[in-house]
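Have a look at the structure below, then the notes.
The values are calculated or read from the model by the stated rules, or taken from the named source; none is laboratory data. Please read these numbers as outputs of a predicted model, since none were measured by experiment. Here the Cβ is made from the backbone with ideal geometry for all residues, glycine too, and neighbour counts use every protein chain on show.
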Amino acid sequence: NAGVTQTPKFQVLKTGQSMTLQCAQDMNHNSMYWYRQDPGMGLRLIYYSASEGTTDKGEVPNGYNVSRLNKREFSLRLESAAPSQTSVYFCASSRTAAGELFFGEGSRLTVL
Amino acid sequence: GENVEQHPSTLSVQEGDSAVIKCTYSDSASNYFPWYKQELGKRPQLIIDIRSNVGEKKDQRIAVTLNKTAKHFSLHITETQPEDSAVYFCAATRETSGSRLTFGEGTQLTVNP
């Protein structure tokens, strides 16, 4: 039982490059989330998917797109990376909106 | 939308002392309040949560209290140990379909041996 798995764990990009962060959960959870974590800023929600087939913007969606591919998988895409997107990204899932969040190990992204 | 403020941002205590972290929230309809612990370089993990139908919940050395009238809730850690050193996040949300957690900015707790 792997829980929430996200890839890659580390990535270095040049400004303007694109990339996709992948996330999969094996707990049959309905809701999935993408957060970014910057020093002193806590966890800020980028996008979330309350259930398969739906996605909604969070607090900081600009510069990102998401795809809920199926109930297990929720990907985050940076179309044209900017240095301001240097951060640690966490994927998470939960059975319900007001239930325990299970986080992936995080992906450290550096944009030069 | 919901806004959660968390204080203090840093807290240093001696081993064995108690630690208290406080959060206030803005949405009076919020009714689910979890606390997450994040050790250095690790993922956040739930340590305790409380729902609005109770005022206090305990789990060994940790407890959470909720004051719905004042719209604040607190995390209490007693008999602190060095392994309690971490960043703690509070959060709040409504228990409705499609809602999502709003996190506070975190408290760096350091327990000195």
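Out of the residues in the stretch B:29-61 meeting the condition of being on the phi < 0 side of the Ramachandran plot and of a type in the set (S, T, N, Q), tell me which one is farthest from the other protein chains (Cβ to nearest Cβ).
B:ASN53
What number of residues within the stretch B:86-106 are part of a strand (DSSP E or B) and either more than 7 Å from chain A (Cβ to nearest Cβ) or under 18 Å from A:TYR47 (Cα atoms) (or both)? Spell out the reasoning first.
Of all residues in the stretch B:86-106, those part of a strand (DSSP E or B) come to B:86-93, B:102-103.
Pick out the ones that are also either more than 7 Å from chain A (Cβ to nearest Cβ) or under 18 Å from A:TYR47 (Cα atoms) (or both) and you get B:86-88, B:90-93, B:102-103.
Residues in the stretch B:86-106 being part of a strand (DSSP E or B) and either more than 7 Å from chain A (Cβ to nearest Cβ) or under 18 Å from A:TYR47 (Cα atoms) (or both): 9 in total.
Out of B:LEU109, B:LEU75, B:LEU11, B:LEU46, report the one residue that is assigned to a strand (DSSP E or B) and in contact with a helix residue (DSSP H, G or I) (Cβ under 7 Å, 6 or more places away or on another chain).
Exactly one residue qualifies, and that residue is B:LEU109.
I need the strands (runs of 3 or more DSSP E) fully contained in chain A, keeping only those with at least 3 residues that are facing chain B (nearest Cβ under 10 Å) and closer than 25 Å to B:TYR36 by Cα.
A:31-38, A:42-49, A:87-94
Out of (1) part of a strand (DSSP E or B); (2) at positive phi, what's the single condition that is false for B:VAL64?
(2)
Hey, any hits in the stretch A:5-19 for a residue that's touching a Phe, Trp or Tyr at 6+ places or on another chain (Cβ under 7 Å), within 22 Å of B:PRO44 (Cα to Cα) and surrounded by 14 or more Cβ atoms within 10 Å (Cβ to Cβ)? Steps first, please.
Narrowing the stretch A:5-19 to residues touching a Phe, Trp or Tyr at 6+ places or on another chain (Cβ under 7 Å): none.
No: the stretch A:5-19 contains no residue that is touching a Phe, Trp or Tyr at 6+ places or on another chain (Cβ under 7 Å), within 22 Å of B:PRO44 (Cα to Cα) and surrounded by 14 or more Cβ atoms within 10 Å (Cβ to Cβ).
Among the residues of the stretch A:68-80, is there at least one that is surrounded by fewer than 21 Cβ atoms within 10 Å (Cβ to Cβ), modelled with pLDDT under 95, within 21 Å of A:PRO8 (Cβ to Cβ) and hydrophobic (A, V, I, L, M, F, W, C)?
yes
Evaluate the stretch A:96-105: report whether one residue or more is over 30 Å from B:HIS7 (Cβ atoms), in contact with a strand residue (DSSP E or B) (Cβ under 8 Å, 6 or more places away or on another chain) and surrounded by 16 or more Cβ atoms within 10 Å (Cβ to Cβ).
No, the stretch A:96-105 contains no residue that is over 30 Å from B:HIS7 (Cβ atoms), in contact with a strand residue (DSSP E or B) (Cβ under 8 Å, 6 or more places away or on another chain) and surrounded by 16 or more Cβ atoms within 10 Å (Cβ to Cβ).
What about B:ALA19, is it among the aliphatic types (A, V, I, L, M), buried (at least 18 other Cβ atoms within 10 Å of the Cβ) and touching a strand residue (DSSP E or B) at 6+ places or on another chain (Cβ under 9 Å)?
Values: among the aliphatic types (A, V, I, L, M): yes; buried (at least 18 other Cβ atoms within 10 Å of the Cβ): yes; touching a strand residue (DSSP E or B) at 6+ places or on another chain (Cβ under 9 Å): yes.
Here the answer is yes, as B:ALA19 does meet what is asked.
Being loosely packed, with under 15 Cβ neighbours inside 10 Å and closer than 25 Å to B:GLU105 by Cβ: is that true of A:GLY58 here?
Judged against the criteria, A:GLY58 is not a match.
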